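K.L.:
I have a structure here, written as structure tokens, and I will follow up with some questions on it.
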Amino acid sequence: MLLRAAWRRAAVAVTAATGPKAAAPTRGLRLRVRDRAPQSAVPADTAAAPETGPVLRPLYMDVQATTPLDPRVLDAMLPYLVNYYGNPHSRTHAYGWESEAAMERARQQVASLIGADPREIVFTSGATESNNIAIKGVARFYRSRKKHLITTQTEHKCVLDSCRSLEAEGFQVTYLPVQKSGIIDLKELEAAIQPDTSLVSVMTVNNEIGVKQPIAEIGRICSSRKVYFHTDAAQAVGKIPLDVNDMKIDLMSISGHKIYGPKGVGAVYIRRRPRVRVEALQSGGGQERGMRSGTVPTPLVVGLGAACEVAQQEMEYDHKRISKLAERLIQNIMKSLPDVVMNGDPEHHYPGCINLSFAYVEGESLLMALKDVALSSGSACTSASLEPSYVLRAIGTDEDLAHSSIRFGIGRFTTEEEVDYTVEKCIQHVKRLREMSPLWEMVQDGIDLKSIKWTQH
């Protein structure tokens, strides 16, 4: 009976495989990376035959959200997904030993990129968890003596939410404003430090506007005042040179998928000398020196280590190339379109993150028009709120300009042709949308929009 059922399933599978194929949908987008639809692993008698053929996808210009996996990273990971599957914490046989050796090599690769000791690297599930461990861990460990923290208004959501959570526990948090450039005022930082301040948390490179904070100067101030310094470096590690000792950084958050590594893995650097103590957030088997319990996923950390090694080797080349492409994009857009504003400091800035506001154009409308380029808007386009980005509000951007912002991300695999195509489409659609805008028409007629008193009907 079982044999007959197996033959019947095989016959159905053969029929499905040789039957007529459904035509793959085309969306009029440019071809990018993928040549075939993903194949289903479900047997043919329980799932319809997958569609095959070319799938046209948008160009990818959103590397601040995530980066594609570098093929060299995938090559390093594959053996640990297939053959070397031992638990790295198994101490009694070769399967565990080989996984542990791979994990420790990855720890060394991550440490080397930021000038740390491998024992100072704790593997996590990503930068969000790293930020939570660093901020909540330090605050809770020293809570008997120190109940004050300092951060900025333009931090990533997970840093701000961690601070809000600590406020609910009775901690006091100072949210430093930033200047119009997006950079904090160091005098304001010094003035904000109190005798009971345990931690200062300032991100290295902002994920929305690409502004670089003066990390070394902040580190010196914190060190001189005996306050721990944490930086969320998810957008900076592997892209700009960082040295935790030279910059006097005590804790640093790292993400795998922001540096062409796998998703679901990251690391937190926690200084050993002078020792920084953190209270663990997670209870369990005491892995990662008790700071992050749970089995370390060997393939993912191997991928993170390989991504860090590749980034270290290619950082200078990548930075030069990305800088040229960024300059090309900005100059070509600005020489063809008036009333375009670049948000954030143009000097202290990571070139791969470009945030432009196109006056008299709604950012969401432009994103929808640019459907064959994967971009993101500075405003909260994916939420129910129509409020503009809190980062753009913090740097004093007018609300109408904040609503018209688009973030362009340029990365390791972005080509000159992709930049030129994005520029061409962007100019074309901004001109078209402005022609439809009554505000643009009024400005062309010389009317000052700020002088108009709008009435609600």
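K.L.:
Could you tell me how many of the residues in the stretch 53-107 are open to solvent by less than 40 Å² (accessible area, probe 1.4 Å), of a type in the set (A, V, I, L, M, F, W, C) and not in a loop (DSSP other than H, G, I, E, B)?
P.N.:
7
K.L.:
Let me ask something else about it. Kindly provide the set of residues from the stretch 362-372 that are open to solvent by less than 10 Å² (accessible area, probe 1.4 Å) and either farther than 18 Å from Leu59 by Cα or among the β-branched types (Val, Ile, Thr) (or both), ordered by number.
P.N.:
Of everything in the stretch 362-372, just one residue is open to solvent by less than 10 Å² (accessible area, probe 1.4 Å) and either farther than 18 Å from Leu59 by Cα or among the β-branched types (Val, Ile, Thr) (or both), namely Gly363.
K.L.:
Looking at the structure I just gave you, is Leu166 touching a helix residue (DSSP H, G or I) at 6+ places or on another chain (Cβ under 9 Å), assigned by the TED database to the domain that holds Gly238 and not in a strand (DSSP E or B)? So that I can check it myself, show each step before the final result.
P.N.:
Values: touching a helix residue (DSSP H, G or I) at 6+ places or on another chain (Cβ under 9 Å): yes; assigned by the TED database to the domain that holds Gly238: yes; not in a strand (DSSP E or B): yes.
Considered against the rule, which asks whether it is touching a helix residue (DSSP H, G or I) at 6+ places or on another chain (Cβ under 9 Å), assigned by the TED database to the domain that holds Gly238 and not in a strand (DSSP E or B), Leu166 comes out as yes.
K.L.:
Take Glu418 and tell me if it is part of a helix (DSSP H, G or I) and exposed (fewer than 14 other Cβ atoms within 10 Å of the Cβ).
P.N.:
Values: part of a helix (DSSP H, G or I): yes; exposed (fewer than 14 other Cβ atoms within 10 Å of the Cβ): no.
Criteria not met by Glu418.
K.L.:
Just to be sure before I move on: is Thr128 polar (S, T, N, Q) and open to solvent by less than 50 Å² (accessible area, probe 1.4 Å) in the structure I sent?
P.N.:
no
K.L.:
Also, quick follow-up: Here are Gly182, Gly238: which of them is open to solvent by less than 30 Å² (accessible area, probe 1.4 Å), in contact with a Ser or Thr (Cβ under 9 Å, 6 or more places away or on another chain), at positive phi and not in a helix (DSSP H, G or I)?
P.N.:
Gly182
K.L.:
Do you know which residues across the stretch 161-177 are over 19 Å from Arg220 (Cα atoms), open to solvent by less than 20 Å² (accessible area, probe 1.4 Å), in contact with a strand residue (DSSP E or B) (Cβ under 8 Å, 6 or more places away or on another chain) and not aromatic (Phe, Trp, Tyr)?
P.N.:
Passing the criteria: Cys163, Leu166, Val173.
K.L.:
Please verify whether the stretch 140-149 includes one or more residues that are hydrophobic (A, V, I, L, M, F, W, C) and either within 17 Å of Asn206 (Cβ to Cβ) or in a helix (DSSP H, G or I) (or both).
P.N.:
yes
K.L.:
Report, by residue number, each residue of the stretch 332-343 that is part of a helix (DSSP H, G or I) and open to solvent by less than 30 Å² (accessible area, probe 1.4 Å).
P.N.:
Within the stretch 332-343, just Ile333 meets the criteria.
K.L.:
Does any residue in the stretch 123-134 that is at positive phi come within less than 9 Å, Cβ to Cβ, of a residue that is surrounded by 24 or more Cβ atoms within 10 Å (Cβ to Cβ) and of a type outside the set (A, V, I, L, M) six or more places away or on a different chain, and which pairs are these?
P.N.:
Gly126/Ser253; Gly126/Ser255; Gly126/Gly256; Gly126/Gly266
K.L.:
If you take the residues of the stretch 51-86 that are closer than 19 Å to Pro262 by Cβ and of a type in the set (Asp, Glu), which of them is farthest from the chain's Cα centre (by Cα)?
P.N.:
Across the stretch 51-86, the extreme among qualifying residues is Asp75.
K.L.:
Could I ask something else about it? Considering each residue of the stretch 273-331, count those that are farther than 22 Å from Val110 by Cα, assigned to a helix (DSSP H, G or I) and open to solvent by 30 Å² or more (accessible area, probe 1.4 Å), and give that number.
P.N.:
Final tally of qualifying residues: 8.
K.L.:
Here's another thing I want to ask about it. Report whether or not Gln172 is free of Cβ contacts under 8 Å to residues at least 40 places away in the same chain, more than 25 Å from Gly256 (Cβ to Cβ) and assigned by the TED database to the domain that holds Gly261.
P.N.:
yes
K.L.:
Among the numbered criteria (1) of a type in the set (D, E, K, R); (2) touching a strand residue (DSSP E or B) at 6+ places or on another chain (Cβ under 8 Å); (3) crowded, with 24+ Cβ neighbours inside 10 Å, which one does Lys212 miss?
P.N.:
Tallying (1) of a type in the set (D, E, K, R); (2) touching a strand residue (DSSP E or B) at 6+ places or on another chain (Cβ under 8 Å); (3) crowded, with 24+ Cβ neighbours inside 10 Å, Lys212 fails exactly one: (3).
K.L.:
Of everything in the stretch 390-420 that's hydrophobic (A, V, I, L, M, F, W, C) and under 10 Å from Glu208 (Cα atoms), which residue is nearest to the chain's Cα centre (by Cα)?
P.N.:
Among residues in the stretch 390-420 that are hydrophobic (A, V, I, L, M, F, W, C) and under 10 Å from Glu208 (Cα atoms), the one nearest to the chain's Cα centre (by Cα) is Phe408.
K.L.:
Which one of the conditions (1) within 27 Å of Thr154 (Cα to Cα); (2) β-branched (Val, Ile, Thr); (3) at pLDDT below 90 does Thr397 fail to meet, given that it meets all the rest?
P.N.:
Of (1) within 27 Å of Thr154 (Cα to Cα); (2) β-branched (Val, Ile, Thr); (3) at pLDDT below 90, only one is false for Thr397: (3).
K.L.:
Next question, about the same structure. If you go through the stretch 106-115 one residue at a time, do you hit one that is among the basic types (Lys, Arg) and over 23 Å from Tyr260 (Cα atoms)?
P.N.:
Scanning the stretch 106-115 turns up no residue that is among the basic types (Lys, Arg) and over 23 Å from Tyr260 (Cα atoms).
K.L.:
For the stretch 243-257, how many residues are within 23 Å of Gln313 (Cα to Cα) and open to solvent by 20 Å² or more (accessible area, probe 1.4 Å)?
P.N.:
Qualifying residue count, the stretch 243-257: 5.
K.L.:
Further question: Taking the stretch 113-125 as the region of interest, how many residues are open to solvent by 40 Å² or more (accessible area, probe 1.4 Å) and not in a helix (DSSP H, G or I)?
P.N.:
2
The values are calculated or read from the model by the stated rules, or taken from the named source; none is laboratory data. Computed from a predicted structure; not experimentally measured. Counting neighbours? That spans all protein chains shown, and the Cβs are built from the backbone with ideal geometry, glycine included. Protein only, heavy atoms only, side chains kept; ligands, DNA and RNA dropped before computing areas. Shrake-Rupley method; radii C 1.70, N 1.55, O 1.52, S 1.80 Å.
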